[in-house]
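Before any comments, here is the structure.
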Amino acid sequence: MSIKGKAFIAGVFEHPGRELPDKSLAQIHAELAKGALEDAGLTKDDVDAYFCAGDVPGLGAISIADYMGLQLSYTDTTETGGSSYICHIGHAAAAIAAGKCKVALVTLAGKPRSEKMKVGTGSRAMGGTDAPEIGFEAPFWPSTANMYGMAAMRHMHEYGTTSEQLAWIKVAASQHAQYNEHALLRNVVTVEDVVNSPMISDPLHRLDCCVITDGGGAMVIVSPEIAKDLKRHSVKVLGHGESPKHVGGGRVDLTYTGAVWSGPRAFEEAGVKHADIDYASIYDSFTITVLETLEDLGFCEKGQGGKFVSDGNLISGVGKLPFNTDGGGLCNNHPANRGGITKVIEAVRQLRGEAHPKVQVPNCEIALAHGTGGSIGTRMGSATVILGRE
Amino acid sequence: MSEMKYQSPVVNPETKPFWDATAEGKFLLKKCNDCGEFHYYPRALCPFCFSDKTEWVESKGTGTVYTHSTMRRAPVPFCLAYVTLDEGPTMMTHIVDCDLEQVAIGKPVKLVLKETDGDAKLPCFTLA
Ligand SMILES: [Zn+2]
């Protein structure tokens, strides 16, 4: 059994705000849900399933379901950090295929920017004091930039990857972000700008790091029967894969991500090849996240990511693999420190032909969206979805 | 330059012997008596074969730098690292008590137990 063609993304919505100090977290979730349902041409009463992750306040899916007044037959609070929302697409498609629900709502929201959270440089030991690793990691103050820095350092050591190559990823994102009126950072930057920006945690510079933003996104995933009656163009779910990766009892290898497992599963289920992918949304918490993920998804050979991303190869209209045409997490939005849902939203825009004309991929038929959660330096979630225009 | 001030680790019944040993200057690893492998961080059940016949063994306290990243934006810059112990496992740690600009992948390191604000000491390493 496969989920291919069993579910459609009928509506998406990205909060236009990037700093929302005057809204509550529940309110942002609900505004996003309203936006995605309106985009789909559905109403709150059509929703029979709700999917969310660790960013929701209260008891799993239930507090927000209560706030929004949803009557549900199915909930899923899968938490794999920033990759959660891409897992949710696979889970929602499976639930729809099994007849458990017909209209699944997914939301992500947060306010780290207005709360002045030091996301990259503060300690990010996760999971609370009962997390089994806590005593062996938290005392070392492992900030996010620190951990991704360790991955970049090792990748450079093994494969000769350079800071200039990593910088090309930010350059491409900035080329796209200039056209996104909602993007937090719209200035176009050069390789020199990136490598001359202040060092945060070796070898990652300030411009190798993503933005910190409030806001979020929502999606509505529906059965084929419902999709067919909607006025808006829905996007078909072709394949999904997910896999966590961890530090394996001390057998640490930071040069690859969980995409080595999630990617092949998604490609196999979708029945497509790399050459078929017209557009890719790749999780970009840091430049190194993109580089390792592209290799692990098989867009180039392992270790050749630096070469692959160079010379504008990720810039729409210039390179072979247009990526993150909204400006991505590096320039546009990384709401709640979790960019998974915005990856899907821009992929849907591309497949609908509704991306900004300057970055729209002509005749975009098949898109890939990939999410990364947790930390590439310790334990992480990875999820890949492949979507088709139909 | 001021010194890094370490907070004492969260201790639970499973990891108490490890932290008690650090207070006495010892750095223990867990070894599995069924598959013979060392693992890190220490667990009651071997993460490789799931045997519950794991025992504490004192580490030689030597290894090499697997990777490192110096956090420049902290009040006191520090070098987060993974060190591959000669016993096999790779562990998260800090490289301390040396010129952090000299830290490099592959360089040999040796154990330094650093004081915390509690009884336990933290297993850190310095360039050998
Ligand atoms: Zn064993």
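Counting charges near A:Ser84 (Lys, Arg +1; Asp, Glu -1) among other residues having Cβ under 11 Å from its Cβ returns a value of -3. Accessible area drop of at least 20 Å² (1.4 Å probe, protein heavy atoms): which residues of the range B:48-74 qualify, relative to the chain alone? In the range B:48-74, residues shielded by partner chains: B:Phe48, B:Tyr66, B:Thr67, B:His68, B:Ser69, B:Thr70, B:Met71, B:Arg72, B:Arg73.
Rounded to the nearest 10 square angstrom, A:Glu390 shows an accessible area of 140 square angstrom against a 1.4 Å probe. Helix A:287-297 and the long axis of chain A differ in direction by around 70°, with both axes built from C-alpha atoms.
Taking K and R as +1 and D and E as -1, what net charge do the other residues with C-beta under 14 Å from the C-beta of A:Thr213 add up to? Working shown, then result.
Details: positive: A:Arg18, A:Lys23, A:Lys111, A:Arg113, A:Lys116, A:Arg186, A:Arg338; negative: A:Glu14, A:Glu19, A:Asp55, A:Glu115, A:Asp214, A:Asp284, A:Asp326.
Here the charged neighbours net out to 0.
Of A:Tyr67, A:Tyr256, the residue with the largest accessible area leads and the full order is A:Tyr67, A:Tyr256 (1.4 Å probe).
Hey, what angle do you get for helix A:144-159 against the long axis of chain A, alpha-carbon based, 0 to 90 degrees rounded to 10? It works out to around 60 degrees.
Within the same chain, lysines fewer than 8 places from B:Lys30 are excluded, and of the rest, those with a Cα less than 18 Å from its Cα are B:Lys16, B:Lys53, B:Lys60, B:Lys121.
Within the protein assembly as shown, antiparallel bridges make up roughly 85 percent of the DSSP beta bridges whose residues both belong there. Take the accessible area of chain A alone and of chain B alone, subtract that of the pair, and you get about 3100 Å² summed over both chains, using a 1.4 Å probe.
Taking the C-alpha atoms only, the angle from helix A:163-177 to the longest principal axis of chain A is near 40 degrees.
Isolated cysteines in chain B, defined as those with no second cysteine Cβ under 4.7 Å, comprise B:Cys79, B:Cys98, B:Cys124.
Protein chains only, probe 1.4 Å: how do A:Lys34, B:Lys107 rank by accessible area, largest first? If you can, show how the numbers build up before the last one.
Working: A:Lys34 125, B:Lys107 70 Å².
My answer, sorted largest first, is A:Lys34, B:Lys107.
So with the 1.4 Å probe, I'd like the accessible area per residue for the range A:251-337, rounded to whole Å². Kindly include the intermediate steps, with their values, before the conclusion.
Details: 2650 Å² over 87 residues.
Normalised by residue count, the accessible surface of the range A:251-337 is 31 Å².
Note on the range B:16-127: antiparallel DSSP beta bridges, both residues inside, total approximately 95 percent of the bridges counted.
Over the C-alpha atoms of chain A, the Rg to Rh ratio, Rh being the Kirkwood estimate, stands at 0.94.
Go through A:Asp214, A:Asp202, B:Asp34 and list them by solvent-accessible area, largest first, probe radius 1.4 Å. Before the final figure, lay out the partial values.
Working: A:Asp214 0, A:Asp202 20, B:Asp34 100 Å².
Per-residue accessible area, sorted high to low, gives B:Asp34, A:Asp202, A:Asp214.
Among the protein heavy atoms, those of A:Leu297 account for about 10 Å² of accessible surface (1.4 Å probe, every chain in place).
Using θ = phi - 60° in the Karplus curve 6.51 cos²θ - 1.76 cosθ + 1.60, the 3J(HN,Hα) couplings for the range A:188-202 round to 6, 10, 10, 4, 5, 4, 5, 6, 8, 6, x, 5, 9, 9, 3 Hz; x is entered for Gly and Pro.
The values are calculated or read from the model by the stated rules, or taken from the named source; none is laboratory data. The model shown is predicted, which means the values in this text are computed figures rather than measured ones. Every residue, glycine among them, receives a Cβ derived from its backbone with ideal geometry; neighbour counts consider all protein chains shown. Just the protein is used for accessible areas: all its heavy atoms, side chains included, with ligands, DNA and RNA removed. Shrake-Rupley method; radii C 1.70, N 1.55, O 1.52, S 1.80 Å.
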